[in-house]
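Values in this text are rule-based calculations from the coordinates and carry no lab data. It should be emphasised that the depicted structure is a prediction, and the values quoted were computed from it without experimental measurement. Cβ placement follows ideal geometry from the backbone for every residue including glycine, while neighbour counts extend to all protein chains displayed.
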Amino acid sequence: MPLPVVETIANLAYQRGMARHPTLFERLEDYRDRMFCFVATDWSFAFLARPSEGRIAVRRLSAGSTADVCVEAPFAVLLRLLQGDVDGDALFF
């Protein structure tokens with residue numbers, strides 16, 4: 001799938017998630033300018049989010065990127081995290 005298509009879909013999902021959970025980033029206020037990276041281990045994409053920018057950038061894994069924190073999981077797990085269906089602490093710790 002072309003990156004612009006993936007990025008458009010990712011941003012639609014991101015905006016929908018933020019509309020459903022508007023206080024999510026209030027808890028992360030001190031980190032709003034940090035870069036978060038979510039790597040779909042079963043895809044060749046990384047999803048990059050800086051809360052202060054309010055959008056998702058999608059990059060191929062080979063393109064490299066600098067992030068303050070990175071979470072790696074299969075795409076289905078990342079999607080469930082975005083939807084709020086699972087507890088991230090329970091999955092990763």
Could the peptides 68-76, 33-41 be put in order, highest first, of the mean number of other beta-carbon atoms found within 10 Å of their residues?
33-41, 68-76
Segment residue 16-residue 89, extension gain: residue separation times 0.36 nm, minus the distance between their alpha carbons
24.0 nm
Quick check on the chain: of the DSSP beta bridges with both residues there, what percent are antiparallel, nearest 5%?
65 percent
Highest to lowest packing among 48-57, 2-11, scored as the average C-beta count within 10 Å:
48-57, 2-11
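In whole percent, what relative contact order does segment 3-83 give with Cα contacts below 8 Å and a gap of six or more residues?
Values: 110 pairs, mean separation 25.7, N = 81.
Relative contact order comes out at 32 percent.
For the chain, what is the mean residue ellipticity at 222 nm derived from helices alone (per DSSP H run of n ≥ 4: -39500 (n - 2.57); sum divided by total residues; nearest 500 deg cm²/dmol)? Please list the in-between numbers first.
On the way: 3 runs with 32 residues, N = 93.
The helix-only estimate for the chain comes to -10500 deg cm²/dmol at 222 nm.
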Charge-dipole axis of the chain as Lys and Arg at +1 and Asp and Glu at -1 on Cβ define it, positive-most pick from 14, 37, 24:
14
Can you give the direction-averaged projected area of the convex hull of the alpha-carbon atoms in the chain, in nm²?
5.9 nm²
